[in-house]
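The values are calculated or read from the model by the stated rules, or taken from the named source; none is laboratory data. All figures in this text were calculated on a predicted structure; none of them were measured in a lab. Cβ coordinates were reconstructed from backbone atoms using ideal geometry, including for glycine residues, and neighbour counts include every protein chain displayed.
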Amino acid sequence: MTDDPPVHPPTAGPRRTSALRAVLAARASRWTDLAQLLPQAGRPLVAAAALLNVLLGLLPLAFIVLVGYVLYLVPQVAASPGADGGSGQAGWSDLLTALGLAVGVFVVQQVLAPFQAGVTEVIARRVDEHCIDRLMTAALHDAPLDALQQPEALDLLAEARAAFARQARPPGDAAAALLSLLARYVQLVGAVVLVGIVVSPLAGIVIGATALAIRFGVRGTLGKFADMWDSLAGSRRKVFYLRDLATGSRAAKEIRLLGLLPWVRARLRSDTMAAYEPAWAGSRKLQFWPMIGLSGVGLVGGAVVLVLVADAAASGRLNLFELGVALQAVLIPMRFGVYFPEADVQTQFGLHSYHALRTFERQIASARPVRSAAPVPVRRPEQGIRFEGVRFRYSDDTPWVLDGLDLELGAGQSTAIVGLNGAGKTTLVKLLARLYEPTEGRILVDGVDLRELDTQDWQRQLALIFQDYVRYELSAAENIGLGAPALLDDREAIEAAARKAGALDVLSGLPQGLDTTLSRRYPGGRDLSGGQWQRVALARALLAIRGGSSVLVLDEPTAQLDVRAEAEFFDRFLATTENITSVVISHRFSTVRHADRIAVIEHGRVIECGDHVELVALGGRYADLFELQAQRFRDTAAVGAVPGPHAAPQGEPDPAADAAEPVPAAQKENAS
Ligand SMILES: Nc1ncnc2c1ncn2[C@@H]1O[C@H](COP(=O)(O)OP(=O)(O)OP(=O)(O)O)[C@@H](O)[C@H]1O
């Protein structure tokens, strides 16, 4: 192929030829892609499997020859039953030997078949392990988050994941089935050679060409169906989501309480029909005429060869042995007009899943920012982190979330970020963590642009807990330990982090202590309350600090904590992380007010910045919001909704006692 435009428009002939060549090249490259996966299963195993399949391809041919020979011997033995074979006349011993060999070949074939199934399974599993690893790397390591939000990337990801969840054929099935095809093609070549030798080269060529033509047609139809299937990926993703919703536990509470089952059922049915009906209808349309055409080709090709066989037999050029072999051998190529159950669906749809994986990998690779110079080594911030004129929006067609934001996070200081819902607080943290890049402006760490640092090294510096932190269905110790994987086995460090976060008492009281799985879905597992989970998440962040992180970022760390835990939060938590640069996002002013500096974000910028006293004295936005919460608390306390000084539970600090530190009745100030 050349990029130069042709001087003269190509005529229809060459155009058709180059189109055909392109189709063939595309098909061939898909097969070679698949073949390149096979070594992932281990070369000795693949070699053994290939040998096994060649053998399984040859054995039916041997059976045909032996049965033909038996047919040839039977009339001779019947004509002279006394012959022993030594006189040149076939005897019982020849017949029994041939029969014995035929039976032996048949038995060996039957014995080898289960090995073929077993080997195929192992190869498929190993190849899939390799592909799952690649998918994990692409999705969880390489992919910039914004690339993961593109619908096309999500469709590809859903297709690849569906395969590994066994909702579709995975690449491993395709790679293993490639070896099964080897048996089929060895058989085809063998049969064509037999027909060519026994009947005539012309008969061999005709039957071989017929087999390949109908095979090409069958696979072409399957390929077109797969393309159509591919185009419906978006609707299928919706169906997968609804199925998960309808049958999983995620939404079980709401579905029950709101009586949503009839709606979910109807919606699932209508979306399933919308996703699959075009495929069913398309399948009928795609298959009908090609099948009629291919049957015609098969019939004509088969008939021509049978006529050639009959002619050869009638003219005495074929003896009984040759006739038996020819008639049986002709049937093998004719079977190429049907789908091969052990290979066709596997290769077509497994290839499709692999193609989704490869396209996803390519998209991710092209979306990754290109670094021009070697990354600057990452150290703990000594001077501070500065956002300079940062502008950011999630995509070109959405509004700016941050619009010229300037902010200084002093090294070793705590900074609280305040703002209404949707102000961009979490987005700011995502930029700090380099999950996204600023659209304009820059973020400097000790004067070095964040883009110049190695992303992973920088992310290791952050002990970051998002408000939607992950509740792993693992043990309590692992839930904390994942904050610093190197300390996963350090029980003393994990317990110390749990203690600091105020989680140790609760976790130690679980049936297997910190080894208890934090999910009821497992035997002996227990779930925690929202506040208890939040303490586990805080312990995870603390462990990350112990593991070497130097910037603590907590998004809504106290939203689910009770009054006492929230009151203790700064004393017990941030005070124990001295010299740590920390950022706390919170709607609770009782949490926020303790920070060294508070930044108020509105319209994508910092509109006020200072400590609590300065901002209250300023009488601006912060003071308004603070007063609003204080007033709401005072109103709520006045009607008795919040326990007063005398009603506080034993051991609980009285929220009202800190009159200058109002505790909001609501967790969040809602922008609406
Ligand atoms: N992944 C995303 N893709 C597109 N838009 C997003 C995405 N995440 C957030 N936004 C939008 O960006 C804006 C800021 O969201 P962000 O989560 O940063 O606000 P926030 O200040 O943390 O809000 P809250 O107080 O409710 O947690 C919102 O308008 C939100 O809809």
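When ALA174, ALA147 are checked against the criterion of being within 16 Å of the ligand (Cβ to nearest atom) and either buried (at least 24 other Cβ atoms within 10 Å of the Cβ) or among the hydrophobic types (A, V, I, L, M, F, W, C) (or both), ALA147 stands alone in meeting it.
Please count how many residues of segment 514-535 are assigned to a helix (DSSP H, G or I) and at pLDDT 95 or above.
Number satisfying all stated conditions: 2.
Test GLY217 against the stated conditions and say whether it is in the same structural domain as ALA314 (by TED's automatic domain parsing), in a helix (DSSP H, G or I), surrounded by 16 or more Cβ atoms within 10 Å (Cβ to Cβ) and touching a residue at least 60 places away in the same chain (Cβ under 8 Å). Here the answer is yes, as GLY217 does meet what is asked.
With the condition kept exactly as written, say whether any residue in segment 544-564 is at pLDDT 85 or above, surrounded by 24 or more Cβ atoms within 10 Å (Cβ to Cβ) and farther than 17 Å from GLN467 by Cβ. Checked against the condition, which is being at pLDDT 85 or above, surrounded by 24 or more Cβ atoms within 10 Å (Cβ to Cβ) and farther than 17 Å from GLN467 by Cβ, segment 544-564 yields no hits at all. For residues that are modelled with pLDDT of 90 or more and among the hydroxyl-bearing types (Ser, Thr, Tyr), scanning just segment 423-467, find the one that is nearest to VAL390 (Cα to Cα). In this case the residue turns out to be THR439.
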